[in-house]
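Here is the structure we will look at.
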Amino acid sequence: MRHISTTHSTPGVTVSTTKLAAAVDKAFDDPAAPRRFRQPVIKVRPKVTYKDLLRKYNTVITVDRDNFRLRLFKHLKVSKTYGIAVGMAGLETPAGLYAIQDKQVNPAWHVPNSAWAGSLAGQVIPGGAPNNPLKARWLGIAGGVGIHGTAEDWSIGTRASHGCIRMHVSDVIDLYPRVPLGTPVLIH
């Protein structure tokens, strides 16, 4: 998603369902009654306003897997765009709507018990260790998937990760303070 389209709220209209039902019943009960009738409308205020959206979605991240772009939206406008790497075939970055659930500086890596992890499976690699692929920052999304820095700069712009969203270290350091916990993350 390259932009978020917004429209300002406008008042709507409704009708009294009980009065409408009564008018329809009356029309069916009396064969001589006119089959057309007017029902007054009632103006209603919108349940969600533009200001509500700005409050709720002050910060939003979108992840464009096909174009290897992470976009940071502030106040419903693109604030910054970053190049990323996403999950490889068979270990795709999951599509959907998520939220930032956890943030860490120099995170430890809890190696999954997966065949791809090899001899490291099940271990915890300390933050800052040379064999820790989670460089500098971690923004956890869901189920072990997150946004993090990588030492493998060559991988940016490719499908190279095991499901996570990789960024250049300088980019993830730049992104980290801009994103509060709970920020919506739309991956498509």
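The values are calculated or read from the model by the stated rules, or taken from the named source; none is laboratory data. Just so it is clear, the structure is predicted and the values come from calculations on it, not from any experiment. With ideal geometry, Cβ positions are generated from the backbone for all residues, glycine too; neighbour counts draw on all protein chains shown. Heads up: the accessible areas ignore ligands, DNA and RNA and are worked out on the full protein's heavy atoms, side chains in. Shrake-Rupley method; radii C 1.70, N 1.55, O 1.52, S 1.80 Å.
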> Which residue, of Lys26, Lys19, is open to solvent by 90 Å² or more (accessible area, probe 1.4 Å), under 45 Å from the mean Cα position of the chain (by Cα) and not hydrophobic (A, V, I, L, M, F, W, C)?
Replying inline: Lys19
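If you check Val111 against the conditions, is it farther than 17 Å from Gly90 by Cα, in contact with a helix residue (DSSP H, G or I) (Cβ under 7 Å, 6 or more places away or on another chain) and without any contact (Cβ under 8 Å) to a residue 24 or more places away in the chain? Give the steps one after another, and end with the answer.
Values: farther than 17 Å from Gly90 by Cα: yes; in contact with a helix residue (DSSP H, G or I) (Cβ under 7 Å, 6 or more places away or on another chain): yes; without any contact (Cβ under 8 Å) to a residue 24 or more places away in the chain: yes.
Yes: the conditions hold for Val111.
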> Which residues, counting only those in segment 148-165, are open to solvent by less than 30 Å² (accessible area, probe 1.4 Å) and not hydrophobic (A, V, I, L, M, F, W, C)?
Replying inline: His148, Gly149, Thr150, Ser155, Ser161, Gly163
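Quick one: is Arg166 touching a helix residue (DSSP H, G or I) at 6+ places or on another chain (Cβ under 9 Å) and without any contact (Cβ under 8 Å) to a residue 40 or more places away in the chain?
No; evaluated as a whole, the condition is false for this residue.
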> Among the residues of segment 11-60, which ones are in contact (Cβ under 8 Å) with a residue 60 or more places away in the chain and among the hydrophobic types (A, V, I, L, M, F, W, C)?
Replying inline: Val60
>> Restricting to segment 22-80, name every residue that is farther than 30 Å from Gly157 by Cα and among the polar types (S, T, N, Q).
In response: Gln39, Thr49
>> Of the conditions (1) out of contact with any Ser or Thr (no Cβ under 6 Å at 6 or more places or on another chain); (2) surrounded by fewer than 13 Cβ atoms within 10 Å (Cβ to Cβ); (3) in contact (Cβ under 8 Å) with a residue 24 or more places away in the chain; (4) not in a loop (DSSP other than H, G, I, E, B), His8 satisfies every one except a single condition; which number is it?
In response: (4)
>> Anything in segment 71-119 that is open to solvent by less than 50 Å² (accessible area, probe 1.4 Å), among the hydroxyl-bearing types (Ser, Thr, Tyr) and more than 16 Å from Ala160 (Cα to Cα)? List them, or say none.
In response: Tyr82, Ser114
> Consider Asn132 against the criteria (1) under 14 Å from Gly87 (Cα atoms); (2) of a type outside the set (Phe, Trp, Tyr); (3) surrounded by 15 or more Cβ atoms within 10 Å (Cβ to Cβ): it satisfies all of them except one. Which criterion is unmet?
Replying inline: (1)
> Of these, Gly83, Gly96, which one is touching a residue at least 12 places away in the same chain (Cβ under 8 Å) and over 15 Å from the mean Cα position of the chain (by Cα)?
Replying inline: Gly83
